[in-house]
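Chemist: Please find one structure pasted underneath; my questions will follow.
The values are calculated or read from the model by the stated rules, or taken from the named source; none is laboratory data. Since the model is a prediction, treat every value here as computed from it, not as a measurement. Ideal geometry is used to build each Cβ from the backbone, glycine not excepted, and the neighbour counts take in all protein chains shown. To get the accessible areas, we keep the full protein, side chains included, count just its heavy atoms, and leave off ligands, DNA and RNA. Shrake-Rupley method; radii C 1.70, N 1.55, O 1.52, S 1.80 Å.
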Amino acid sequence: GAQVDLGCSAEGRPAPLLTWFRGAQVLREEPGIPALPLHLAQVSPQDSGVYTCVAENKHGRHNRSLELHVA
């Protein structure tokens, strides 16, 4: 039932598109901003899984993932 806040930031020229995924599902996406937080309110075991932030522009793509376990 607690909240979880995940952070993601990236710099680039041109400014990257930031996208949060849970598995293959897009949760949040914003172009041209330096940071894209992901707020999960009242997490439950169903929110467990792999969350990935992707930063992408014409020069490439970088990502970071984390696995959230909710008991």
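Chemist: Mind listing just one residue for me: the one in the range 1-39 that is of a type in the set (S, T, N, Q) and in a strand (DSSP E or B) and, of those, farthest from Gly60 (Cα to Cα)?
Modeler: The initial filter retains those residues of the range 1-39 that are of a type in the set (S, T, N, Q), namely 3, 9, 19, 25.
Filter once more, so that each one left must be in a strand (DSSP E or B): 9, 19, 25.
Numbers: Ser9: 15, Thr19: 14, Gln25: 21 Å.
If we take residues in the range 1-39 being of a type in the set (S, T, N, Q) and in a strand (DSSP E or B), then Gln25 is farthest from Gly60 (Cα to Cα).
Chemist: Looking at Gly49, Gly7, Gly12, which is the one that is open to solvent by less than 50 Å² (accessible area, probe 1.4 Å) and without any contact (Cβ under 8 Å) to a residue 40 or more places away in the chain?
Modeler: Gly49
Chemist: Still on this structure: Picking from Val54, Val43, which residue would you name as being in a loop (DSSP other than H, G, I, E, B), open to solvent by less than 50 Å² (accessible area, probe 1.4 Å) and at pLDDT 95 or above? Talk me through it step by step, then tell me what you get.
Modeler: Working: Val54 fails: in a loop (DSSP other than H, G, I, E, B).
Of the residues listed, the single one that is in a loop (DSSP other than H, G, I, E, B), open to solvent by less than 50 Å² (accessible area, probe 1.4 Å) and at pLDDT 95 or above is Val43.
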